[in-house]
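Q: Below is the structure I would like to discuss, written out as structure tokens.
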Amino acid sequence: MQRSPYLWGIAAALTLGCIAGLSAGAAENNVIRPGEPWPDNHGVHINAHGGGVLYHAGTYYWFGEHKTAGPSGNLANVGVGVYASTDLIHWRDEGIALPVSDDPGSDLTRGCILERPKVIFNAATGKFVMWFHLEPKGGGYRGARSGVAIADQPTGPFRFLASIRPNAGAWPRNAPPDQQRPLSPAESALVASLDLKGGPVPGFPVDLIFRRDFAGGQMARDMNLFVDDDGQAYQIYASEDNGTLQISRLSADYLRPAGDYARILPGGFNEAPALFKHGGKYWLITSGCTGWAPNPARLAVADSIWGPWTTLGNPWNGPGAQTATSYDSQSTFVLPIAGAPDAFIFMADRWRPDDAQDGRYVWVPVRFQLDGVPFLEWKQTWDPTAIHAPLPPINHSP
Ligand code: DGJ
């Protein structure tokens, strides 16, 4: 009988657990404990914040921001960390996949801001491609750029290729013709007079910012990657001073924006986007824009990745006090489980801005209502090796 990758995963995990002598926390009982310290194979709390997971050749690779102690630990002092696992519980520290640069002239210089790294594999080129939110050192969040890096192996080393603002010189495919023009002097003056800080403000000029940024490229802060069934990859990012998300098709080699993008939920102030596909529909979980502080998560659905997108409210099911903060978490990724078409893990961060490296991870299984709408429920502990069997869809009342 052929063993499923799932069973191989368990066997490997048991071996790994014994070898590593895991002794505490999440790994101890072969369960995930959302919000608790999560020791790696050295017994050290996993350091991969704002992360995402790539499944490749039987192994899961968890990439994330390697933070350091204290508030300055939110700056990129080290780089992007990577961990490997076959069972999603026991993670082996594979080191720093993309280190920051010692070159003060590089946008990736130590002390920049590097957030929400995501990695995808390009089958045609055989390369691993990493995209991340990049803010050059000393500029706060004004840069709103995307970084791109490439590697031959999933654990790196990744080579930094570019720091860009996506889609310079291209109009969104869903912008009406009368909006496909640069700002007039009066419109420019209006936008310049506003104090835009990344959150909603009265009179926010919903349809002006992308026109302002036509020539130089669109702002891109919180971001994610998504590879569709046809191998086409997309970057989704909080753009337009966080007012509007944009989704942007990548070139065939995944290294550049293809210049084909759409505005999503204009004026909705969504960030932390996590996109997945199930039941023929595209599902998007986001948060509102409140800095490191948690807020109610949001769910949206579309039949086409280009929209139109319909908002469906907070996907968290539970007591109001907890769902109001999404159980003190903010989305970072939805992980499809290999070989289990109905199984997904929702991944979120519980930020600790005053001691960044102590940030925690909130991972829960995605469940589905009878009508196919996904929702999230808190779990004290749970076993991801059982998730290959789809959870029964149920009707829940939000
Ligand atoms: C919220 C974002 O989701 C995080 O990635 C980070 O950029 C913080 N804001 C910074 O305040």
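The values are calculated or read from the model by the stated rules, or taken from the named source; none is laboratory data. The structure displayed is predicted, hence computed values, not measured ones. We place every Cβ from the backbone using ideal geometry, glycine too, and count neighbours over all the protein chains shown. Ligands, DNA and RNA are excluded from the accessible area calculation, which covers all protein heavy atoms including side chains. Shrake-Rupley method; radii C 1.70, N 1.55, O 1.52, S 1.80 Å.
Q: Pick from A124, A258, A302: which residue has the top mean-square fluctuation in a GNM of the chain where Cα pairs under 10 Å get a spring?
A: A124
Q: Suppose only helical runs count, i.e. DSSP H with n ≥ 4. What mean residue ellipticity at 222 nm does that imply for the chain under -39500 (n - 2.57) per run, divided by all residues and rounded to the nearest 500 deg cm²/dmol?
A: Calculated at 222 nm, the ellipticity per residue is -2500 deg cm²/dmol.
Q: While we're looking at this one, here's another question. Taking the chain, how many lysine pairs are there with alpha carbons less than 30 Å apart, if each pair must be eight or more places apart or span two chains?
A: Taking the chain as the scope, the lysine pair count is 17.
Q: Compare the Cα positions of F368, N174, A149 along the charge dipole of the chain (+1 at Cβ of Lys, Arg; -1 at Cβ of Asp, Glu; about the Cα centre) and return the one farthest towards the positive end.
A: Of F368, N174, A149, it is N174.
Q: Just to be sure I understand: with springs between alpha-carbon atoms less than 10 Å apart, which residue in L161, L275, L114 has the highest mean-square fluctuation in the Gaussian network model of the chain?
A: Most flexible of the set in this elastic network: L161.
Q: Would you please calculate the Kirkwood hydrodynamic radius of region 16-377 over all C-alpha pairs and express it in Å, rounded to one decimal?
A: Evaluated over region 16-377, this radius sits at 20.6 Å.
Q: I need to check one value: relative contact order of region 16-377, counting alpha carbon pairs closer than 8 Å and at least 6 residues apart, in percent.
A: With pairs under 8 Å counted, the relative contact order is 13 percent.
Q: Now for a separate question. What list of ³J(HN,Hα) values in whole Hz, one per residue of region 228-241 in order, does the Karplus curve 6.51 cos²θ - 1.76 cosθ + 1.60 (θ = phi - 60°) give from phi, with Gly and Pro shown as x?
A: Per-residue couplings from phi come out as 7, 4, 8, x, 6, 9, 9, 9, 10, 8, 6, 10, 6, 6 Hz.
Q: Between region 188-249 and region 354-389, how many Å separate their Cα centres?
A: Spelled out, the Cα-based centre of one part sits 28 Å from the other.
Q: Test of understanding: what is the full-extension gain from A162 to H396, defined as 0.36 nm times their sequence separation minus their Cα-Cα distance?
A: 79.7 nm
Q: Among V119, V100, V334, which one moves the most in a GNM of the chain with springs linking Cα atoms closer than 10 Å?
A: Answer for the Gaussian network model of the chain: V100.
Q: Turning to a different aspect of this structure: For region 351-398, what is the accessible area per residue in Å² when the probe is 1.4 Å?
A: Heavy-atom accessible area per residue stands at 47 Å².
Q: In the chain, carbon and sulfur make up what percent of the accessible area (probe 1.4 Å)? Can you show the working numbers first?
A: Details: 8670 of 15670 Å².
Here it works out to 55 percent.
Q: Using a cut-off of under 14 Å, list every residue of region 230-246 whose amide N is near the label point 7 Å from the Cα of Q180 along the Cα-to-beta-carbon line.
A: Output list for this probe position: empty.
Q: Could you give the dipole magnitude of the chain about its Cα centre, charging the beta-carbon of Lys and Arg +1 and that of Asp and Glu -1, in debye to the nearest 20?
A: My answer is approximately 360 debye.
Q: Report the extension gain between A386 and R173 in nm, rounded to one decimal, defined as 0.36 nm multiplied by the number of residues separating them, less their alpha carbon distance. If you can, show how the numbers build up before the last one.
A: Details: separation 213, 0.36 × 213 = 76.68 nm, distance 4.16 nm.
Here the segment from A386 to R173 would lengthen by 72.5 nm.
Q: Apply 1/(1 + (r/R0)^6) to the Cβ-Cβ distance of S193 and Q153, taking R0 = 56 Å, and write down the FRET efficiency to the nearest 0.05. Each step should come with its number before you reach the end.
A: On the way: r = 50 Å, r/R0 = 0.89.
Approximately 0.65, to the nearest 0.05.
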